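Everything on this sheet refers to the single structure shown next.
The values are calculated or read from the model by the stated rules, or taken from the named source; none is laboratory data. The structure presented is a predicted model; accordingly, all values stated were derived computationally and were not measured. Reconstructed Cβ throughout: ideal geometry from the backbone, glycine too, with neighbour counts over all protein chains shown. The protein model used for the area step is the full one, side chains on, heavy atoms only, and it has no ligands, DNA or RNA in it. Shrake-Rupley method; radii C 1.70, N 1.55, O 1.52, S 1.80 Å.
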Amino acid sequence: LFLFTSGGKKVLWSKPALAQADTDVVDGSSRHISYLLPLMVPLRNVSDFVVGYGVLNIELRELSEFIEGIGTVNTVAVIVDLGDTQLMATSRQATLPFYNFTNKPPNTIPDTGCISSDSFLVITGSEATHACRHRLENYPYAPLSSVASDKAFLNTTSGVKFLELDDGNYFVASQRVRLSLPGMPLQLLLAMPEADVIGDIEKGRNTAII
């Protein structure tokens, strides 16, 4: 949990947490997993005294839904947490989702960079859920992992790179995600195949030639 202050706004952000609910049903048990981004905003009275905190949990699944449809039909979109280069969201076209889940006994210490549902609430079932987010530099999609070492590109307000890779050429766009509440440095990356971008131009040119 960390405090960030900017322009008079104070926000308490937490790293993503995992909520797990086990519900007994007739034919066994049902497990619901929520991958959450918690934050707390101070609530002040007319005298500017803090009287409490408003708590908000954002489901990371909603971030993935938000970036659906951005770019061309084959564009892979991801949101990166610049604090640790772990992914926060992936579009449907992505090679893998931004996380993976595994089941482990309660009270098992999570691996580095992973979280456990039993650190968020008491686990009533026989297993806890561990979630690990992929880091950009290790993500198995070359157009994105190739830019992980370019800190200037990752931290730019807006920029585009052209990559020539073994499986083709790509345009990679980098855009800062503007939040109304400060303190969480998120970056949107879009990897667009060159063929998607110039395909219609070439098609029109070839039609004109014919």
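Looking across the range 36-51, the residues that are more than 17 Å from the chain's Cα centre (by Cα) and on the phi < 0 side of the Ramachandran plot come down to MET40, VAL41, PRO42, LEU43, ARG44, ASN45, VAL46, SER47, PHE49, VAL50, VAL51. Within the range 131-173, the set of residues being closer than 14 Å to ASP84 by Cβ and among the hydroxyl-bearing types (Ser, Thr, Tyr) comprises TYR139 only.
Within the range 160-175, being more than 19 Å from the chain's Cα centre (by Cα) and of a type outside the set (S, T, N, Q) holds for VAL160, LYS161, PHE162, LEU163, GLU164, LEU165, ASP166, ASP167, GLY168, TYR170, PHE171. Of the strands (runs of 3 or more DSSP E) that lie entirely inside the range 59-173, those containing 2 or more residues that are open to solvent by 60 Å² or more (accessible area, probe 1.4 Å) and touching a His at 6+ places or on another chain (Cβ under 8 Å) span 99-104.
Pairing each residue of the range 86-103 that is in contact (Cβ under 8 Å) with a residue 60 or more places away in the chain with any residue that is in a loop (DSSP other than H, G, I, E, B) and open to solvent by less than 70 Å² (accessible area, probe 1.4 Å), provided the two are 6+ apart or on different chains, yields C-beta distances under 8 Å for MET88/PRO16; MET88/PHE98; TYR99/HIS134.
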